[in-house]
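The values are calculated or read from the model by the stated rules, or taken from the named source; none is laboratory data. Given the structure is predicted, the values throughout are model-derived calculations rather than measurements. Heads up, the Cβs are rebuilt from the backbone with ideal geometry, glycines too, and the neighbour counts pull from every protein chain shown. Only protein heavy atoms, including side chains, enter the accessible area calculation; ligands, DNA and RNA are left aside. Shrake-Rupley method; radii C 1.70, N 1.55, O 1.52, S 1.80 Å.
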Amino acid sequence: MGTEPDGVAVNRHAVCGQPPRIRRARPSRSGGRAGKLRRMSLDLEALETSFDLVAPRGDELMDIFYGRLFAAAPAVRPLFAGTDLRKQKIMLLRVLGLLRKSLRDLESIVPILHDLGARHVAYGARPEHYPVVGAVLIASMAEIAGDAWQPGHERAWTAAFDVVAGAMLDGASRQLDIAA
């Protein structure tokens, strides 16, 4: 059991057998992380193929994800105290579906990701939570896909999650600037 910079306890082995990489996105010259979307080359085929492997078992994916998340980072459980977890699972699955549909035009969903990041500030989400969530989500997808999951799928989702988290963190940062 380790502790992330914000004091969130993380059982790294419960996540995926290795510590989540914490990478801080740096603002780009083209105006923040959103500009990164235009320049980033994602492995669209690996993302689409791997999502299509797990999508038919979406309910199970969400159960595994939240089980792993609360085991890996029990300190985040209070963030869900007043939440209908069944509805939360549905919303996360919808966001993943939207991401899958928007892979070839991620710029179109940047405003949605900014808004999502801004809303997560009010829920108590912190930048340190994002890498843990990403690692847990990817490990959960790998579990659902089983032997069909390939190392290229993990690399593709890690890169995609970095882009999505970066856009959400931009939205969170803007929300904090407004509140200050």
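Can you work out which of the residues in the range 115-125 that are assigned to a helix (DSSP H, G or I) and touching a Leu at 6+ places or on another chain (Cβ under 8 Å) is most open to solvent (accessible area, probe 1.4 Å)? Checked the range 115-125; the qualifying residue most open to solvent (accessible area, probe 1.4 Å) is TYR123. Inclusion of ILE109 among residues that are of a type in the set (A, V, I, L, M) and at pLDDT 95 or above is not warranted.
Name the single residue that is nearest to the chain's Cα centre (by Cα) among those in the range 163-180 being over 19 Å from GLY134 (Cα atoms), part of a helix (DSSP H, G or I) and of a type in the set (A, V, I, L, M). Of everything passing the filter in the range 163-180, LEU176 is nearest to the chain's Cα centre (by Cα).
Only one of GLU143, GLU128, GLU154 is open to solvent by less than 50 Å² (accessible area, probe 1.4 Å) and among the acidic types (Asp, Glu); which? Even if it seems obvious, please write down each step before you answer.
Details: GLU143 fails: open to solvent by less than 50 Å² (accessible area, probe 1.4 Å); GLU154 fails: open to solvent by less than 50 Å² (accessible area, probe 1.4 Å).
That would be GLU128, the only listed residue that is open to solvent by less than 50 Å² (accessible area, probe 1.4 Å) and among the acidic types (Asp, Glu).
All of (1) farther than 17 Å from GLU128 by Cβ; (2) open to solvent by less than 70 Å² (accessible area, probe 1.4 Å); (3) modelled with pLDDT of 95 or more; (4) not acidic (Asp, Glu) hold for THR83 with one exception: (3). Got at least one residue in the range 73-81 being over 26 Å from LEU44 (Cβ atoms) and among the basic types (Lys, Arg)? So far as the range 73-81 goes, yes, one or more of its residues are over 26 Å from LEU44 (Cβ atoms) and among the basic types (Lys, Arg). The residue that is nearest to GLY124 (Cα to Cα), counting only those in the range 58-80 that are open to solvent by 60 Å² or more (accessible area, probe 1.4 Å) and in contact with a Leu (Cβ under 9 Å, 6 or more places away or on another chain), is ARG77.
Could you say whether any residue in the range 126-137 is at pLDDT below 95, of a type in the set (A, V, I, L, M, F, W, C) and assigned to a helix (DSSP H, G or I)? Within the range 126-137, not a single residue is at pLDDT below 95, of a type in the set (A, V, I, L, M, F, W, C) and assigned to a helix (DSSP H, G or I). Looking only at the range 168-180, residues that are over 16 Å from LEU92 (Cα atoms) and buried (at least 19 other Cβ atoms within 10 Å of the Cβ) come to 4 in all.
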